[in-house]
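Worksheet for the structure shown next.
No value in this document is a laboratory result; all are computed from the given coordinates. Here the structure is a predicted model, which means the values were calculated and not measured. Note that we place each Cβ from the backbone using ideal geometry, even for glycine, and neighbour counts take in every protein chain shown.
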Amino acid sequence: MLALCVVAGHSPGSKILGLTLFSGLTAVQCFYIISGFLITMVLNERSDYANLRNFYLSRYLRLWPAYVVVASLTLLLTRPHWLSQLSQVVHWRDVVFLAFSNLTLFFQDWTLFLRFDEGHLVPTAAFGTWPGSQVNHFLLVPQCWSLGVELTFYLIAPFACRRLFGVVALLAFGVASRLIVAALHPPALDPWVYRFAPSEMMLFAAGGLAYFGGRSIYPSRPRLAKLFGSVSVVFFIVVVLGNDVMEPWSTKLFGGFSQALLMVQWPFLLLTALLVAPLFYGSRSHPLDNFLGELSYPMYICHLLVLSLTLSWLPVGLQSGNLLYVVATIAAAIVLYAAVIKPADTFRHRLGARAPAARHPTAPRLQEATAVVHD
């Protein structure tokens, strides 16, 4: 559902069949919280991840194979003149930087803090206010700036997320970053509201805290986890799909803006942090939940390419309501998962890339089980 919010947010009119779903901006930040929860879990409960090489390689292989396929298809189908256009606005050294970023995923979030100036890349506090092309327009998969933020968290996580103290320290660092940025009064909220990696560490850490709190409650109380998890699912369905119906009530409850932290819809993010543990422990062995969860990343990674193709290839009459765009995105995500992500996961599992299964209430450590729940 969070991935669907992003898909809908980028559609013409930001609607699906006339419905406005929940904020895609907030959905991305919810992904940060979920990622913080799961990464903290596997770092604490998978002995394979005691090896830094295993952890880094596994996380990179979770993201890069599907990304490089979508980036290659984008270059081939929609942006064949990408390199020649880029070479016209920057010198070769900056072309190398952007080409490297597009190839590897690294530093893509940096493009939102840079602008073109006489053939060079220079820092800016408001990337969207300068005339001419924006640097992030030269990302083959533009939404992948968020993966740059994610990779920053992966770099830090093995050193911060194995202990409660480390997660609290990461939370404090993220809060301090947000307070400092807000106090400096940036000239534009975007990119500072949700794209600045140091500030977003607060949300990853919130997910980590949710893990440390949840593991002491829900594994030994499966019925409680399923009850709270079910309530959480209903809550997310109502909020995401009933956004239009619930206005202005939903805005009053979840639409708060914290000026001190430059944070949009912070009540919803707080609820996500509180609900992520029962959601996970209550549904981790459910096959449908696992399958739908696997589709979230390929949906996110391919939807702008699908949108570009549908706008170019479909007759205008078939574009109405954006239904075919959404259906095509889900279909492309299934193909991407089956053809690229699942084979890559076969190798990743050798590196420890599997969330541990449920433990017996008396067991001192989580035990291996046959049920596969991907991280």
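Annotations
- Sorted peptide list for 124-130, 137-143, 21-27, criterion being average Cβ within 10 angstrom, highest first: 21-27, 137-143, 124-130
- Entry for the range 1-121 at q = 0.15 Å⁻¹: log10 I(q)/I(0) = -1.01, Debye formula applied to identical alpha-carbon scatterers, no solvent contribution.
- log₁₀ of I(q)/I(0) at q = 0.17 Å⁻¹ - the range 129-189, Debye sum with one point per alpha carbon: -0.84
- The chain: calculated mean residue ellipticity at 222 nm from DSSP helix runs of at least 4, using -39500 (n - 2.57): -20000 deg cm²/dmol
- Assigned charges on the beta-carbon of Lys, Arg, Asp, Glu; the chain dipole about Cα centre (debye): 1040 debye
- Pair S216, L292: separation of 7 Å Cα→Cβ label points (nm): 3.1 nm
- Sites A188 and R223 - FRET efficiency at Förster radius 35 Å, r taken between beta-carbons, to 0.05: 0.15
- Size descriptor for the chain, Kirkwood hydrodynamic radius: 21.7 Å (Cα pairs only, one decimal).
- Loop-resident GluC sites (Glu not before Pro) (DSSP state other than H, G, I, E or B) in the range 105-212 with no more than 11 further Cβ atoms inside 10 Å of their Cβ: E118.
- Cut-off 18 Å (backbone N to label point 7 Å along Cα→Cβ of E118), residues of the range 131-150: 131-133
- Seen against the Cα atoms of the chain and their longest principal axis, helix 52-77 is set at about 40 degrees.
- Helix 24-45 axis, angle to the chain major axis (alpha carbon atoms, nearest 10°): 50 degrees
- Taking a ≥ b ≥ c as the square roots of the eigenvalues of the alpha carbon gyration tensor, the range 267-356 is oblate, as a/c is not under 1.5 and a/b does not beat b/c.
- Leading residue at positive end of dipole, the chain (Cβ point charges), from F212, V233, A183: F212
- Relative to the current alpha-carbon distance between T129 and A331, full extension at 0.36 nm per residue lengthens the span by 69.1 nm.
- A169/L52 FRET efficiency (R0 22 Å; Cβ-Cβ; nearest 0.05): 0.70
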